[in-house]
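Q: Here it is, the structure in full.
Derivation of every value follows stated rules applied to the coordinates shown; laboratory data play no part. Being a predicted model, the structure only gives us computed values, none of them experimental. Please note: Cβ atoms are built from the backbone with ideal geometry, for glycine as well, and neighbour counts cover all protein chains shown.
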Amino acid sequence: MMKRFTMKDENFTCEHCKKEVNKLNYTARDHCPYCLYSKHVDHLPGDRANPCRGLLKPIGIEPFKQRYKIVYRCETCGQFHRNIMASDDNMDLIIALSVKQ
């Protein structure tokens, strides 16, 4: 079954580092580019239907096409999640995640 994608490219304040994050403008912003944290809000991309609402801590990266996906573990429920990295992500943190593996 193919995942449905609901475009939700919104500005937000990161709950982990407290920085203001601007929308991405080319696809849906799904994590903070400064600290790479995300929030466990979706069942299907963009649906905002997940009641967990825990912070998704970046714990690694994995190759995906010509880019990488950031691997997360929810600090509330423990579920693993993956998001494609964005063009403005903090590359120092991306590199640090790749070294941890």
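Q: Out of every Cα-Cα pair in the chain, what percent are more than 20 Å apart?
A: On the way: 1690 of 5050 pairs.
The answer is 33 percent, as a whole percent.
Q: Using label points projected 7 Å from each Cα along Cα→Cβ, tell me how many nm separate residue 12 and residue 82, to one decimal.
A: 2.0 nm
Q: Please state the charge dipole magnitude for the chain, taken about the Cα centre, from unit charges on C-beta atoms (+1 on K and R, -1 on D and E), reported in debye and rounded to the nearest 20. Could you put the intermediate results ahead of the total?
A: On the way: 17 positive and 12 negative charges, 49 e Å.
In debye, rounded to 20, the chain gives about 240.
Q: A further question on this structure: Hand me the trypsin sites (Lys or Arg not before Pro) from region 57-95 located in a DSSP loop with no more than 16 other Cβ atoms within 10 Å, in residue order please. Show your work: numbers first, answer last.
A: On the way: sites: 65, 67, 69, 73, 82; in loops: 65.
Here the sparse-neighbourhood loop sites are 65.
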